[in-house]
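To start, the structure under review is shown below, and the notes come after it.
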Amino acid sequence: MSNQHVMNRLQALLDFFSALDSGGKTLSSSMKGLERELFIQYALSHIIAPPFRIGSGDITDLSGQRSGQLDIVIEYGNSISFPLLCAVHTPRLYLAEGVCAVIEVKSDLSGKWGEVLSSSSRLKTLRRSYSDWISYGKMAHQIPYFAVGYRGWKTMDTLQRKFQQSDLDGLLVLDSGLFCGKKYQEKGPASLYAFFMALQELTGGLISALSDYKAYALRAHSSKNHLSIT
């Protein structure tokens with residue numbers, strides 16, 4: 001049986017985002033950028049515990065490929081990334097090995113679906129390379145990518161079909177309370193919890209890693225070793 005205290009808190013979050021979307025539908029596109037910031041503040045920064053850092057920017061990998069601008073980047077605590085001129089709140093350049101997951105936030109997920117697929121396609125060409133790592137289960141060399149819509153499709157059947165046709169790791173629609181991912185498909189307040197669980201498993205799955213950061217600029221770097229705990 002679900003914990004009613006948790007479900008009530010999740011429902012309150014869904015209600016908050018619904019009210020935010022309803023009040024912002026007539027705002028300019030620049031003002032709608034606040035939706036992303038508020039999602040970071042209320043659904044990520046206060047829920048995902050340190051040492052993970054949440055920001056935005058571009059990701060590059062050892063081959064020199066680049067993702068393009070991304071809405072939300074969740075970065076491992078032991079990683080390095082580069083802000084513009086050391087300013088705190090500017091887009092960063094991330095190294096692929098330091099990125100835990102990427103989240104795209106849209107006002108209307110169904111209306112911006114083409115943009116989501118385009119961003120996913122660019123991101124999935126990047127590869128993470130580790131010299132040594134210990135993880136629970138299989139360590140993915142592609143960067144996990146989630147899309148969140150304040151509005152979007154209204155039925156789980158449609159959401160599942162869109163998910164299966166994509167290369168995403170999860171889809172969350174806030175107004176209809178639907179989540180579809182590789183492991184969880186949930187409705188109502190549990191949809192938000194399933195989204196958090198998918199992120200929690202990613203943030204908790206990597207126990208230890210030595211990333212090939214040296215190889216981005218230095219000639220000497222170590223060979224790969226891997227221990228997976230199942």
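Rule-based calculations on the coordinates, nothing more; no lab input. A quick note: this is a predicted structure, and the numbers were derived from the prediction, not measured. Cβ coordinates were reconstructed from backbone atoms using ideal geometry, including for glycine residues, and neighbour counts include every protein chain displayed.
A few remarks follow.
- Looking across the stretch 170-182 at every residue that is out of contact with any Ser or Thr (no Cβ under 6 Å at 6 or more places or on another chain), under 20 Å from Met7 (Cα atoms) and free of Cβ contacts under 8 Å to residues at least 40 places away in the same chain, the one that is surrounded by the fewest Cβ atoms within 10 Å (Cβ to Cβ) is identified as Gly181.
- Only residues that are outside any strand (DSSP E or B), closer than 17 Å to Ile74 by Cβ and charged (D, E, K, R) were counted in the stretch 85-127, giving 2.
- Residue match in the stretch 60-70 (condition: of a type in the set (A, V, I, L, M) and buried (at least 16 other Cβ atoms within 10 Å of the Cβ)): yes
- Of all residues in the stretch 71-89 being of a type in the set (Val, Ile, Thr) and touching a residue at least 12 places away in the same chain (Cβ under 8 Å), the one that is surrounded by the fewest Cβ atoms within 10 Å (Cβ to Cβ): Ile80
This table checks each residue for (1) within 17 Å of Phe196 (Cβ to Cβ); (2) not polar (S, T, N, Q).
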position	(1), (2)
Ala49	yes, yes
Thr60	no, no
Ser67	no, no
Phe82	no, yes
Arg92	no, yes
Leu95	no, yes
Ile103	yes, yes
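- Residues (over 12 Å from Gly181 (Cα atoms), in contact with a helix residue (DSSP H, G or I) (Cβ under 8 Å, 6 or more places away or on another chain) and either in a loop (DSSP other than H, G, I, E, B) or free of Cβ contacts under 8 Å to residues at least 60 places away in the same chain (or both)) located in the stretch 145-169: Gly152, Trp153
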